[in-house]
Amino acid sequence: MIDLKKYNTIIFDCDGVILNSNFQKIEAYRNAATNYGATKTQAEELVVHHVNLTGISRNVKFKYFLKEIMGEEILDSSMNTLVGNLNKEVINLLKDCEVASGMKKLKSQNQKSTWMVASGGDQEELRFLFKEKKITSYFEGGIYGSPSSKHEIIENKLKNKSFLPAVFLGDSLYDIQTAQKYNLDFIFIYGWTDLKNWKNICEENGLTYIEKIEDLI
């Protein structure tokens, strides 16, 4: 049995943990590339890169897309177009996506812990979606995302002495690496992950894994 009550802070990734949104995000990246003018092959290259870097800022992915896939100079105007395209696609595709069940009950069982979100998604986009889905109030510790990286978000929070002990709930390799870098406990949520070899990675690293947030109740 996992005892969350021992943690001062519970850190949640968003896509694949709070929202069943990983595969909608894949479609959003594909559409954003196509709308920019990429061929089908180039759009699929971006999708593969996105999946390989799940949890990392879209700014990093789009810089790679422009330079390595499109063979273009990385211009602010191009980045703004791509990010704008993606934001529209994400809002459209995620407006009806499933929210993890059991959030309200889990919160009631862990009222002394501060909840926060550290995501690779766009911060303003996250805050908009959470407000629309009426789950903002659960995360009194803040809802954070791109352009800050998860490493930057955690480093900033570590300045507060009451932050630790903390546990990170995530579903990507980058989430695991972030937890390891800052010596945070980690729970892998596999029900909606797009990490194909997640079980081997978890077992090799001695990580706890559960199917869904509801399993923590």
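The values are calculated or read from the model by the stated rules, or taken from the named source; none is laboratory data. As the structure is a computational prediction, the values presented were derived from the model and not from experiment. Here Cβ is always computed from backbone atoms with ideal geometry, including for glycine, and neighbour counts include all displayed protein chains.
Inside region 53-84, residues that are of a type in the set (Ser, Thr, Tyr) and surrounded by fewer than 16 Cβ atoms within 10 Å (Cβ to Cβ) make up a count of 1. Of the residues screened, Glu68 is one that is of a type in the set (Asp, Glu) and over 19 Å from Phe128 (Cα atoms).
For region 1-59, how many residues meet the condition of being in contact (Cβ under 8 Å) with a residue 24 or more places away in the chain and either among the charged types (D, E, K, R) or part of a strand (DSSP E or B) (or both)? Adding up the residues that qualify gives 13. Residue count for region 37-77 satisfying the condition of being more than 29 Å from Gly170 (Cα to Cα) and out of contact with any helix residue (DSSP H, G or I) (no Cβ under 6 Å at 6 or more places or on another chain): 12.
Exactly one residue out of Ser137, Ser119 is crowded, with 19+ Cβ neighbours inside 10 Å and in the same structural domain as Lys199 (by TED's automatic domain parsing): that is Ser119. Going through region 88-101 one residue at a time, which ones are surrounded by 15 or more Cβ atoms within 10 Å (Cβ to Cβ), outside any helix (DSSP H, G or I) and at pLDDT below 95? Once the filter is applied, which keeps residues that are surrounded by 15 or more Cβ atoms within 10 Å (Cβ to Cβ), outside any helix (DSSP H, G or I) and at pLDDT below 95, region 88-101 yields only Cys97.
Among the conditions (1) in contact (Cβ under 8 Å) with a residue 24 or more places away in the chain; (2) under 23 Å from Val90 (Cβ atoms); (3) in contact with a strand residue (DSSP E or B) (Cβ under 6 Å, 6 or more places away or on another chain), Tyr190 misses just one, which is (1). Considering the conditions (1) assigned to a helix (DSSP H, G or I); (2) over 19 Å from Asn8 (Cβ atoms); (3) in contact (Cβ under 8 Å) with a residue 12 or more places away in the chain, Leu106 is excluded by exactly one of them, (2).
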